[in-house]
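Presented below is the structure to which this report refers.
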Amino acid sequence: MRQITIVGTGLIGGSLGLALKQHGFTGRIIGCDRSTVLARARSRGAIDVGIQDPPQACEKSDVVVLAAPVGAIIDLLERLGPVLPLETLITDVGSTKADLLARACDIFGDRAPTRFLAGHPMAGKEDSGIEQSDADLFTGAVWLFTPQPGQNIRSGRLGEYVGWVERIGARTLEMDAARHDRLCAWISHLPQMLSTALAAALQDEFGHDPDVEAIGGRALREMTRLARSPYSMWRDIALTNTANIQDALQRLEQRLAHLRENLRTRELETEFDTAQRFRKE
């Protein structure tokens, strides 16, 4: 890997550039984004060169990383896939995988297993942007890959890229795309929706009541921390993983209703015991 292009130099893309440099990558890192974002990415040392036009930014790159919201990743795949050389590997960091993989197979056909590698780092912050980028963001985090049928992610250019993901400190894990989307609906997307709903309910109920801020404490801060996440990112996740998120929300609604109906019975203790077993295990 002598040159890599990162399309989208925000939190994840910028952190990837910083991490690669910190862990010994000596090739060129090309960033592709808006001019103002590219200027900040260069000043932070996340990229070597900034180019606004995606096809031009990807010229002569061995690997192209699409670090954007899922909808934008699909658009970029459709735009870049037909024009990039066959030896160029395209990968992504999108939070949902089934729809993306289906589109990649439509675009690349039989060559999809060598042209596209679906990935998802389980790392991030509630605040986005290149200013939040961190070379240690992926240290100890799981980087999920959802291989296509017959795709060996340990061979050739794919293996080289996966090796770099591990070198920057991530723990790689392979998983079927459908299972990925269902699990992420529960462990990532549902917590976001819960935090958003709680913060919105508090806003409607109390507004900027200073007493809420004064006595809320750590529990309130932790439960509403994710509510700071931007809609622009979560819109595409909701659109591409709708059924799984709906199922998770419905099951949680049923659980909340059970709690509401048993606040004065021993069933409440059973729920606390069940929840504590999950945390202990």
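The values are calculated or read from the model by the stated rules, or taken from the named source; none is laboratory data. What you see is a predicted model, and the numbers here were worked out from it, not measured in a lab. All Cβ positions, even for glycine, are placed from backbone atoms using ideal geometry, and neighbour counts span all protein chains on display. We work out accessible area using only protein heavy atoms, side chains counted, and drop any ligands, DNA or RNA first. Shrake-Rupley method; radii C 1.70, N 1.55, O 1.52, S 1.80 Å.
Tell me which trypsin sites (Lys or Arg not before Pro) from the stretch 1-108 have a DSSP coil assignment and no more than 14 other beta carbons within 10 Å of their own. Listed in order of number, the matching sites are Arg2, Arg34, Lys60.
A dipole drawn for the stretch 131-281 from +1 and -1 charges on Cβ atoms has a positive end, and of Ile237, Leu194, Cys184 the residue lying farthest that way is Cys184.
Think of each Lys and Arg Cβ as +1 and each Asp and Glu Cβ as -1; about the Cα centre, that makes the dipole of the stretch 139-281 roughly 520 debye. For the stretch 242-250, putting each phi into the Karplus relation 6.51 cos²θ - 1.76 cosθ + 1.60 with θ = phi - 60° gives couplings of 4, 4, 5, 5, 4, 4, 5, 5, 5 Hz, in residue order, rounded to whole numbers and with x for Gly and Pro.
Taking the Cα centroid of the stretch 60-138 and of the stretch 153-177, what is the distance between the two, rounded to the nearest whole Å? The stretch 60-138 and the stretch 153-177 have Cα centres spaced 14 Å from each other.
Simple point charges give the picture: +1 on the Cβ of Lys and Arg, -1 on the Cβ of Asp and Glu, and for the stretch 35-98 a dipole about the Cα centre of about 300 debye. Candidate cross-link partners of Lys60 among the lysines, defined by an alpha-carbon separation under 24 Å and a same-chain spacing of 8 or more, comprise Lys21. Of the accessible area of the stretch 136-231, with the probe set at 1.4 angstrom, what percent is carbon plus sulfur? With neighbouring chains kept in place, the figure for the stretch 136-231 is 56 percent. Rolling a 1.4 Å probe over the protein heavy atoms gives the stretch 36-85 an accessible area of 45 Å² per residue.
Under the 0.36 nm per residue contour assumption, what length would be gained going from the current alpha-carbon distance of Arg221 and Ala200 to full extension?
That pair, Arg221 and Ala200, stretches by 6.2 nm at full extension.
Shape class for the stretch 64-126: prolate, because the ratio a/c of the largest to smallest gyration tensor axis (alpha-carbon atoms, square roots of eigenvalues) is 1.5 or more and a/b beats b/c.
Its Cα gyration tensor gives the chain an equivalent ellipsoid; the semi-axes, largest first and in whole Å, are 37, 22, 17. Using θ = phi - 60° in the Karplus curve 6.51 cos²θ - 1.76 cosθ + 1.60, the 3J(HN,Hα) couplings for the stretch 233-241 round to 7, 7, 4, 5, 5, 5, 6, 9, 9 Hz; x is entered for Gly and Pro. Taking a ≥ b ≥ c as the square roots of the eigenvalues of the Cα gyration tensor, the stretch 235-281 is classed as oblate, since a/c reaches at least 1.5 and a/b does not exceed b/c. Sketch the reach of a paramagnetic label on Gln250 as a point 7 Å from Cα along Cα-to-Cβ, and name the residues of the stretch 180-214 whose backbone nitrogen lies under 20 Å away. From the stretch 180-214, the list is 180-194. In terms of Cα atoms, the Rg and Dmax of the stretch 131-174 work out to 11.8, 39 Å. Put a plus charge on the Cβ of each Lys and Arg, a minus charge on the Cβ of each Asp and Glu, and nothing anywhere else: the dipole of the chain about its Cα centre is then about 700 debye.
Using a 1.4 angstrom probe on heavy atoms only, work out the carbon and sulfur share of the accessible area of the stretch 34-78 in %. It would help to have the intermediate numbers written out before the result.
Working: 950 of 2050 Å².
Reported share for carbon and sulfur atoms: 46 percent.
When the stretch 64-139 is described by a simple charge dipole with +1 on each Lys and Arg Cβ and -1 on each Asp and Glu Cβ, the residue from Pro85, Gly109, Gly129 located farthest towards its positive end is Gly109.
According to the square roots a ≥ b ≥ c of the eigenvalues of the Cα gyration tensor, what is the shape class of the stretch 183-269, taking rounded for a/c under 1.5, prolate for a/b larger than b/c otherwise, and oblate for the remainder? Because a/c hits 1.5 or more and a/b fails to exceed b/c, the stretch 183-269 counts as oblate.
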